[in-house]
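Have a look at the structure below, then the notes.
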Amino acid sequence: MDNGIVRLTLSNPEGFITEVMYNGVDNLLEVHSSEPYGGYWDVVWNEEENEEIFELIEGSQFQIIYQDDKKIEVSFKKKWNPSLKGKRSPLNIDKRFVLLQGSSGFYTYAIYEHVKGWPDFQITETRIAFKLRKEKFHYMAIADNRQRVMPMLQDRSPKRSQKLAYPEAVILVKPTNPALRGEVDDKYQYSSEYKDSLVHGWICAKPSIGFWLITPSNEFKSGGPLRQDLTSHVGPTVLGMFHSSHYAGEEIVAKFTNGEYWKKVFGPVFIYLNSDLKNSRPNFLWEDAKRQTQIEVANWPYEFPTSVDYLKKEQRGSVSGRLLILDKYISKNYIYGNATFVGLASPGEEGSWQKETKGYQFWVRANAKGNFFIKNVLSGVYNLYAWLPGFIGEFTYSTTITVTSGGNIDLHNLVYRPPRDGPTLWEIGIPDRSAAEFFVPDPNPKYVNKLYIEHDKFRQYGLWEKYADLYPTTDLIYQVGVSNYTKDWFFAQVTRKQKDNSNKATTWQIKFQLSSLHRTGVYKLRVALASAHLSKLQVRINDPTIEPAHFTTELIGRDNAIARHGIHGFYWLFNISLQGSWLREGENTIFLTQSQSQTMFQGIMYDYIRMEAT
């Protein structure tokens, strides 16, 4: 496929990308590899309790779908039949590639289908991946403040690096670039939230070329705007992650049971190529890629895809309204839902959109007055969900919403009444579904990634070990009215490593004063978690040894956000009733125990804690 700017070569009938030619370079993809391709779609899946299978999505039928002077679209279809049970994922997959006249890049998308009656199975991950020329692409960019010269793939080899406790992380001992010696490399340090990862990629210095993956819409991704996933990393590798369990775990694995029917379109995404005639100005290419991203976003939904499964603008609807907040303990008047996250996702209970995996989601941010307009929504039945930084919990619209082609549903004024039983006695943190406001320590000098010295310190490797350095024998004690959560509340309640390398559960204390006590009343403790990994949170009031604890969770969370340098994972909210008889006038202590300590990576991150008067 060649439009005079870009030449794309694909294997027939597999549909692997073997060559991307641009600006005089015969192939931007890796050529010195045992694999005969540098770009591919893949899926990780399994049936029942069987081991996960990594499968390259290999077509068996090639077809030119459309071709004229302005566009060519080709298809590579993978077909499933019962003879492939246990060997190939029970999916029909149609991979599409599109090249447009005058376009400095190409598009790709795929239609996945699980036919009714086919075997039950589950999808852990599916994506598109590009392996670029390692001798050419050394500079990676994923955000304005997250770009740098990267190590080489061979720098991660046993001869040149030292493995760390988390398997994807290494210390660069003998890198090919001496300036990187002693730094940590870990692909999870370059993860981004969906709302922030519309474009990322790599830059070649000579000739000056940028290779970018642009995702103009996240409607086909699961988990909402704050979900995190991989972007680009050492390889040089560029990833378009469509679905995965990263920062979520088992709860977001897509499970297909009882032979259910399912079809979904992933993409299109745009692989954009640019160049700099004045040579070697990474910022020029990055800024140009951002401008192109805005063009792609403005053009969504695209008109060019030929598949009937990809719905065009006229086949979609919209939902509008206004969100107001009413919390009489803050204001007697309605509060505008300024910057509220408002989304449509499959019907479910409050928070279910975090774990929903099979449908589409559509999210926007409300304006200063709380007005929102969700456009280009696929026809279907949805719930409307909303949450606002600064307020705990979330709003769920009372009835389902049916969106039809060309229609607009105006929900007018919606009122969210956040959980509240009484006035605030004290609070710790900011309710924003993140632990970023708490104390994030400087990294161990042995584990530094220089990119995160001035910002995003939570992305540094090994911060969980710093807790034991700060609290070698006793745990954190927070004094309400005296302590400062930005300095005195460690960002994650982790285990403490012992001298024999075992891990010990930790118990944190919150000390506070009650000048008067309603002994027969019920106080409320709101505990919002930004993350949990194989954890049990126990809450005790004024007695650290009482059994059972006054409150305990089940084993919660598998998001692994602590080990993977994410400052949040799944959001959890626990509303705990405290009997007045448990409390006393004067000083009180709340004991927070994370009781699981099998590994160093078990722990929780708090988002916000508030105690309310009766």
*Assigning unit charges at the beta carbon (Lys, Arg +1; Asp, Glu -1) and nothing else, what dipole magnitude in debye, to the nearest 20, does the chain show about its Cα centre?*
760
*By average Cβ neighbour count within 10 Å, what is the ranking of 532-539, 321-328 from highest down?*
532-539, 321-328
*If eta is 1.567 mPa s and T is 4 °C, what Stokes-Einstein diffusion coefficient results for the range 411-493, Kirkwood Rh from Cα pairs, in µm²/s?*
84
*Would you tally the net charge around Arg433, using a Cβ to Cβ cut-off of less than 10 Å, leaving Arg433 out, and scoring K and R as +1, D and E as -1?*
-3
*Can you pull the Kirkwood radius for the range 432-546, inverse mean 1/r over Cα pairs, to one decimal in Å?*
16.5
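Taking the range 198-267, how much of its Cα-Cα pair set, in percent, is spaced more than 13 angstrom apart?
Numbers: 1756 of 2415 pairs.
Tail fraction, whole percent: 73.
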*Local charge sum around Gly102 (other residues, Cβ-Cβ under 14 Å, Lys/Arg +1, Asp/Glu -1)?*
-1
*Taking the Cα centre of the range 483-606 as origin, work out the dipole magnitude from +1 charges on Lys and Arg Cβ and -1 charges on Asp and Glu Cβ, in debye rounded to 20.*
200
*Find how many whole Å separate the alpha carbon centroid of the range 27-103 from the alpha carbon centroid of the range 185-222.*
21
_About the Cα centre, charge dipole magnitude for the range 181-285 (Lys/Arg +1, Asp/Glu -1 at Cβ), debye_ = 380
*asked:* For a distance above 33 Å, tell me the whole-number percent of Cα pairs in the chain that qualify.
replied: 50
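So what are the range 1-94's ellipsoid semi-axes, whole angstrom, largest first, if each one is the square root of 5 times an eigenvalue of the alpha-carbon gyration tensor? It would help to have the intermediate numbers written out before the result.
Values: eigenvalues 176, 63, 15 Å².
Calculated on Cα positions only, the semi-axes equal 30, 18, 9 Å.
Over the range 124-279, what number does the Rg to Rh ratio reach, with both radii from the alpha-carbon atoms and Rh per Kirkwood?
1.01
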*Put +1 on the Cβ of each Lys and Arg and -1 on the Cβ of each Asp and Glu in the chain; which of Leu324, Gly38, Asn23 then has its Cα farthest toward the positive end of the dipole?*
Asn23
*Give a residue-ordered list of calculated ³J(HN,Hα) values for the range 418-433 (Karplus: 6.51 cos²θ - 1.76 cosθ + 1.60, θ = phi - 60°; whole Hz; x for Gly, Pro).*
x, x, 6, 10, x, x, 6, 7, 6, 8, 10, x, 10, x, 9, 6
*Kindly state, as a whole number, the per residue volume in cubic angstrom of the convex hull around the alpha carbon atoms of the range 563-610.*
122
*Taking only C-alpha pairs under 8 Å that are 6+ residues apart, what is the relative contact order of the range 19-156 in percent?*
23
*Where a Cα-Cα gap under 23 Å defines reach, which lysines qualify for Lys450, not counting those fewer than 8 residues away within the same chain?*
Lys134, Lys136, Lys159, Lys163, Lys174, Lys187, Lys466, Lys487
*Going toward the positive end of the dipole of the chain, with +1 on Lys and Arg Cβ and -1 on Asp and Glu Cβ, which of Leu8, Gln315, Ser244 do you reach last?*
Leu8
*Return the sequence-ordered ³J(HN,Hα) values of the range 176-191 in whole Hz as given by the Karplus equation 6.51 cos²θ - 1.76 cosθ + 1.60 applied to θ = phi - 60°, using x for Gly and Pro.*
5, 9, x, 5, 9, 4, x, 7, 8, 10, 7, 4, 6, 5, 10, 5
_Restricting to Cα pairs below 8 Å that are 6+ residues apart, what does the relative contact order work out to for the range 509-614? Please round to a whole percent._
49
*Sum up the charges of everything whose Cβ sits under 10 Å from the Cβ of Leu451, counting Lys and Arg as +1 and Asp and Glu as -1, but leave Leu451 out.*
+1
_Surface accessible to a 1.4 Å probe, per residue, for the residues of the chain, Å²_ = 41
*Taking the inverse of the average 1/r across all pairs of different Cα atoms in the range 488-614, what Kirkwood radius in Å do you get?*
15.3
_For the range 444-517: relative contact order, % (alpha-carbon pairs under 8 angstrom, 6 or more apart)_ = 29
*asked:* Could you tell me how far the Cα centroid of the range 542-614 sits from the Cα centroid of the range 445-474, in Å?
replied: 23
*asked:* With a 1.4 Å probe and all protein chains left in place, how much of the accessible area of the chain comes from carbon and sulfur atoms, in whole percent?
replied: 49
*To one decimal place, what orientation-averaged projected area in nm² is obtained for the convex hull of the Cα set of the range 248-301?*
6.8
*Protection proxy ranking, peptides 20-30, 96-106, 494-504, 240-250, average beta carbon neighbours within 10 Å, highest first*: 240-250, 96-106, 20-30, 494-504
*Once phi is turned into θ = phi - 60°, what whole-Hz ³J(HN,Hα) does the Karplus curve with 6.51, -1.76 and 1.60 give for every residue of the range 312-326, x standing for Gly and Pro?*
7, 4, 6, 9, 10, x, 8, 9, 10, x, 9, 10, 10, 10, 10
_As I understand it, the dipole of the chain uses +1 on the Cβ of Lys and Arg and -1 on the Cβ of Asp and Glu, about the Cα centre. Which of Ala505, Leu213, Gly267 lies farthest toward its positive end?_
Leu213
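The values are calculated or read from the model by the stated rules, or taken from the named source; none is laboratory data. Worth saying up front: this structure is predicted, and the values here are computed from it rather than measured. Positions of Cβ are backbone-derived with ideal geometry, glycine not excepted, and every protein chain shown enters the neighbour counts. What goes into the accessible areas is simple: the full protein's heavy atoms, side chains included, and nothing from ligands, DNA or RNA. Shrake-Rupley method; radii C 1.70, N 1.55, O 1.52, S 1.80 Å.
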